[in-house]
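Derivation of every value follows stated rules applied to the coordinates shown; laboratory data play no part. The model shown is predicted, which means the values in this text are computed figures rather than measured ones. Heads up, the Cβs are rebuilt from the backbone with ideal geometry, glycines too, and the neighbour counts pull from every protein chain shown.
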Amino acid sequence: MGVVVRALIATALAVTPGMAVSASAAPIAAPGTNSGIWSVVTAPSPGAAQNTLFGIAAMPAGGVWAVGDRVSPPSSRFVAPLVEHWTGSRWVAKVLPGDQTNLLAAYAPARNNLWSVGFFQVASGVETVPVIDHFNGTTWTIVRSPRPDFSVLSGIAGTSASDIWATGRQFHHGRAISIIEHYDGRQWTRMTSPSPVTDYMDLGAIAAISPGNVWVAGDYRDSGSVFRTLVEHYDGHAWSIVPSPNLGKGNNYLTALTVLDGMPWAVGRAKDGANNRPLALRWSGSAWSGHLLPRSGSGDEALNAVVTSGRTLWAVGNKTNAAGKMRTLTMRYSNGTWTVVTSPNLGRNDNVLYAAALGGQAVWAVGNATTNALTIRHAG
């Protein structure tokens, strides 16, 4: 996003007492490949230069929405929101207000009630402020909310229409700090939340289990310039940092959260030797444990999103092939086993999946294929 990095600051974490951390370099299960039933579903790409879908949400009463951004000439800086709606038979692009606006995540607590978060880039081309958009079934509006300078909101989730959380980061006086905002059905309020001492962080993963049990996750750069996992928890009274493991031999990143059997899971990537490898963490009720997942090849691999379907987890992201091109990556966790599942691509150039959601009887994943919006569906 074009952030200027400043001098590193010594790292100091405020952790929650009594919570343990465990880590394992062994995969949960051996590598495998399953043909699956993923298929590409054609989506509009109204941007002449670029179209990317970063977030997706399924309404409880039906309907799937995806959000992102589109770029059109004459300038590569002409960025506008991209919103697409699955009608049940096709994807339809919607026009939203807000030039220079990127939408990164979406949440739908009810029919005709859709929220999306992201950021607006001001005229300087460097400074950003958070954006929260709302759709009431008829009209999209930009909602009044706290807008600290040099900030981004990149995750949103909730338990109801009057209990919604958004998370992100702010650069403030040479430091990167967490942003967590809450909507109570009337207004958005910034909540007090802890941050490690760092010059750079991301905090875009979020899962709301109940009003008194909310998790966010991401990563931060420590004093040795290594990225470490970051997990925070809300217990109904306050946010606190919870210890989380780091695996491999270098940077660790967490990009998404979901809930299985009442417990949160997180996915991302970790440096293991020369390449990044898929990473999964799970909460036992008292500690986070981590695992490096099976590889599908020999290049870089990353998980960018995860969603729960019954007793199964679907994680999606990207992998690098022998030609140096990024290709879609999908993995399934079921009965204690992670399996690589074959997924389609558009063309021979870069394809990346950024978000996933369960809509009806299908699992959806969205992202980007070179200059086009990419949506794929698994109906099995």
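Okay, here's what the table says:
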| quantity | calculated |
| --- | --- |
| Highest to lowest packing among 293-300, 47-54, scored as the average C-beta count within 10 Å | 47-54, 293-300 |
| Modelled label reach - I209, point 7 Å along Cα→Cβ, the range 245-268 residues with backbone N closer than 19 Å | 245, 255-268 |
| Ranked by how many other beta carbons lie within 10 Å on average, peptides 319-325, 39-45, 99-105, 163-169 from highest | 163-169, 99-105, 39-45, 319-325 |
| Under 5 Å, built H, 5+ apart or other chain: amide partners of Q50 | V71 |
| Residue-count net charge about G63 - beta-carbon cut-off 15 Å; Lys, Arg +1, Asp, Glu -1 | +3 |
| Net charge of Cβ neighbours under 11 Å - reference Y333; Lys, Arg +1; Asp, Glu -1 | +3 |
| Most mobile listed residue (V316, V363, V216) in the chain, GNM with C-alpha springs under 10 Å | V363 |
| Dipole magnitude of the range 20-378, debye to nearest 20 (Cβ charges: Lys/Arg +1, Asp/Glu -1, about Cα centre) | 720 |
| GNM flexibility winner over the chain from H85, H173, H233 (Cα, springs under 10 Å) | H173 |
| Cα gyration tensor category, rounded, prolate or oblate, for the range 191-267 with a/c compared to 1.5 | oblate |
| Lysine-lysine proximity count for the chain, Cα under 27 Å, sequence distance 8 or more or distinct chains | 5 |
| Highest average packing first - 274-280, 192-198, Cβ atoms within 10 Å | 274-280, 192-198 |
| Selected from S286, S223, S154 as most flexible by GNM, with the chain as the system and alpha-carbon contacts under 10 Å | S286 |
| Length added when fully stretched, D99-R348, from 0.36 nm per residue minus Cα-Cα | 86.6 nm |
| Residues in the range 93-117 that a label on R144 would reach, taking backbone N under 11 Å of a point 7 Å out along Cα→Cβ | none |
| Nonlocal amide H pairs with Q100, under 5 Å, H built at 1.01 Å | V79, A80 |
| Radius 15 Å from Cβ of W86, net charge of other residues (Lys, Arg +1; Asp, Glu -1) | +3 |
| Positive-end residue of W188, P73, L153, charge dipole of the range 20-378 with Cβ unit charges | P73 |
